[in-house]
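What follows draws every value from the coordinates through simple rules; no lab data is involved. These figures come from a predicted structure and were not determined experimentally. Neighbour counts are summed over all protein chains in view; Cβ atoms, including those assigned to glycine, are modelled from backbone coordinates with ideal geometry.
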Ligand SMILES: C[S@@+](CC[C@H](N)C(=O)[O-])C[C@H]1O[C@@H](n2cnc3c(N)ncnc32)[C@H](O)[C@@H]1O
């Protein structure tokens, strides 16, 4: 990257970082979700929302603010999430069946919106980071299959790469509209993009494993197959 581009990118990073601090948001990422919502109208008053990869809680703050007092927001993360008024949190790994079960229990029905800002620990090896990111996205899709309402919406982060087509092939049969978007608050050099999907067709019949400790392994199929 040219030195000037790097400088511009760092300034932008710093700008959103300072703004988050000033406005009491827990992460710079908050602005990405605000910008996505402003453009794609994700949240409505009273909506129920599940946020995967929610720590430290910036997206939870934005979601809660936008769905209002009647809305219900649940966040899941491997890491601790400092309590937030009106938000329920689950500490767990969404790739584990036990976390999925806890989520189903806490939510107790279907939700209007599924968010995922999940990111793998990046190791600097581009294609491995991409593959891990797509894998997490597949788990987020599996969550939609279980708890997203008909006509529900999903916003999901992914690191771009050559498996994007497989991911889109999973999303397109499930949603009426699937769009890739990069909000202004994303760093220019970052390979991350957000996939905004709307109009979930219906939940498929997904078999729940009987053994709680058994892992749920989503399959990659070109037909948008079940997990
Ligand atoms: C970019 S951060 C999310 C930031 C958050 N949206 C915010 O605004 O505060 C990505 C999060 O994904 C979480 N994560 C990664 N893999 C996960 C998994 N398998 N299950 C649950 N959370 C996961 C990480 O622990 C990390 O906190």
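Overview of values
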{"quantity": "Cα-based Kirkwood hydrodynamic radius, region 1-118, one decimal, Å", "calculated": "15.1 Å"}
{"quantity": "Length added when fully stretched, residue 80-residue 165, from 0.36 nm per residue minus Cα-Cα", "calculated": "27.3 nm"}
{"quantity": "Förster radius 35 Å - calculated FRET efficiency between residue 102 and residue 10 (Cβ-Cβ, nearest 0.05)", "calculated": "0.35"}
{"quantity": "Approximate spin-label separation residue 21-residue 190, in nm, with each point projected 7 Å along Cα-to-Cβ", "calculated": "1.8 nm"}
{"quantity": "Antiparallel content of DSSP bridges confined to region 3-200, in %, to 5", "calculated": "40 percent"}
{"quantity": "Estimated Rh, region 3-200: Kirkwood, alpha-carbon pairs, angstrom", "calculated": "17.0 Å"}
{"quantity": "Gain upon complete extension [residue 180, residue 151; 0.36 nm per residue less C-alpha separation]", "calculated": "8.6 nm"}
{"quantity": "For region 76-124, projected area of the alpha-carbon convex hull averaged over all directions, nm²", "calculated": "4.4 nm²"}
{"quantity": "Of every Cα-Cα pair in region 90-169, the percent that sits beyond 23 Å", "calculated": "24 percent"}
{"quantity": "Per-selection Kirkwood Rh - region 146-193 (Cα, Å, 1 d.p.)", "calculated": "12.3 Å"}
